[in-house]
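Participant: Before we start, here is the structure in question, set down as structure tokens.
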Amino acid sequence: MTDRVELQLEVDAPRSAVYELFATEAGLRRWLDAAQLEPRVGGALSVRLRDATATGKVLALDPPQHASFTWEWAGHGDAPLMVVAFDAIDHGARTHVTLRHVGLRTRAEGDLHSELWRHWLERFAQAVRELAREVVQPPAG
């Protein structure tokens with residue numbers, strides 16, 4: 001492991017739906033504990049993952065493929081600027097998702113963030129599964 005994290009997964013959902021989960025406030029709230037996002041370049045980001053809060057700014061939004069954010073953990077003002085990026089690529093009927101978290105200072109930070117992101121990406125995958133069920137079986141009304 002290095003001082004960066006790069007994780008990949010493949011999910012059974014169209015890229016446009018997957019993109020919404022990492023590039024909109026409502027989407028982020030489906031798999032993170034809390035989220036606020038102004039979906040425009042330079043817009044503010046604030047997310048809560050368990051007891052930790054990260055804040056940042058939107059660096060890029062390129063629907064339906066890419067979203068990236070600056071990333072700073074609250075209470076760690078001495079840390080260097082980090083970037084978290086998500087990419088979604090069509091892979092047949094599925095979508096290939098890559099998460100990158102760069103700017104970590106040490107291999108130990110990289111190892112820790114890798115484990116943390118594995119947990120959150122499992123929640124992301126669960127949100128994709130729930131979203132797919134909603135599309136297949138819309139609520140009765």
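Let's see how each residue does on (1) in a strand (DSSP E or B); (2) among the small types (Gly, Ala, Ser); (3) touching a residue at least 12 places away in the same chain (Cβ under 8 Å):
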| site | (1), (2), (3) |
| --- | --- |
| 6 | yes, no, yes |
| 21 | no, no, yes |
| 45 | yes, no, yes |
| 48 | yes, no, yes |
| 54 | yes, yes, yes |
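Participant: Name the residue that is nearest to residue 6 (Cα to Cα), counting only residues in segment 62-114 that are of a type in the set (Lys, Arg) and modelled with pLDDT under 95.
Facilitator: Out of the qualifying residues, it is 107.
Participant: Going by the structure shown, is residue 68 under 20 Å from residue 17 (Cα atoms), under 14 Å from the mean Cα position of the chain (by Cα) and hydroxyl-bearing (Ser, Thr, Tyr)?
Facilitator: Values: under 20 Å from residue 17 (Cα atoms): yes; under 14 Å from the mean Cα position of the chain (by Cα): yes; hydroxyl-bearing (Ser, Thr, Tyr): yes.
When the stated conditions are applied, residue 68 passes them.
Participant: If a residue must be buried (at least 18 other Cβ atoms within 10 Å of the Cβ) and closer than 21 Å to residue 20 by Cβ, how many such residues does segment 109-120 contain?
Facilitator: 1
Participant: Report, by residue number, each residue of segment 28-61 that is among the charged types (D, E, K, R), over 14 Å from the mean Cα position of the chain (by Cα) and modelled with pLDDT of 95 or more. Even if it seems obvious, please write down each step before you answer.
Facilitator: The first filter runs over segment 28-61 and keeps only residues among the charged types (D, E, K, R), leaving 29-30, 33, 38, 40, 48, 50-51, 57.
Those still in the list that are over 14 Å from the mean Cα position of the chain (by Cα) too: 38, 40, 50-51.
Passing the criteria: 38, 40.
Participant: Which residue, of 72, 109, is over 20 Å from residue 127 (Cα atoms) and either in a helix (DSSP H, G or I) or small (Gly, Ala, Ser) (or both)? Steps first, please.
Facilitator: Details: 72 fails: either in a helix (DSSP H, G or I) or small (Gly, Ala, Ser) (or both).
Unique residue meeting the criteria: 109.
Participant: Something else now. For residues that are open to solvent by less than 40 Å² (accessible area, probe 1.4 Å) and among the hydrophobic types (A, V, I, L, M, F, W, C), scanning just segment 45-68, find the one that is nearest to residue 88 (Cα to Cα).
Facilitator: Filtering first and then ranking leaves 67.
Participant: Look at segment 92-108 and say how many of its residues are open to solvent by 60 Å² or more (accessible area, probe 1.4 Å) and in contact with a strand residue (DSSP E or B) (Cβ under 6 Å, 6 or more places away or on another chain).
Facilitator: The total comes to 2.
Participant: Check 81, 37, 104, 59 and return the single one that is over 18 Å from residue 124 (Cα atoms) and touching a helix residue (DSSP H, G or I) at 6+ places or on another chain (Cβ under 7 Å).
Facilitator: Details: 81 fails: touching a helix residue (DSSP H, G or I) at 6+ places or on another chain (Cβ under 7 Å); 37 fails: over 18 Å from residue 124 (Cα atoms); 59 fails: touching a helix residue (DSSP H, G or I) at 6+ places or on another chain (Cβ under 7 Å).
Among 81, 37, 104, 59, only 104 is over 18 Å from residue 124 (Cα atoms) and touching a helix residue (DSSP H, G or I) at 6+ places or on another chain (Cβ under 7 Å).
The values are calculated or read from the model by the stated rules, or taken from the named source; none is laboratory data. Here the structure is a predicted model, which means the values were calculated and not measured. Cβ sites come from the backbone with ideal geometry, for glycine too, and all protein chains shown count toward neighbours. Ligands, DNA and RNA are stripped out before the accessible areas are found, and what is left, the full protein with its side chains, is counted by its heavy atoms. Shrake-Rupley method; radii C 1.70, N 1.55, O 1.52, S 1.80 Å.
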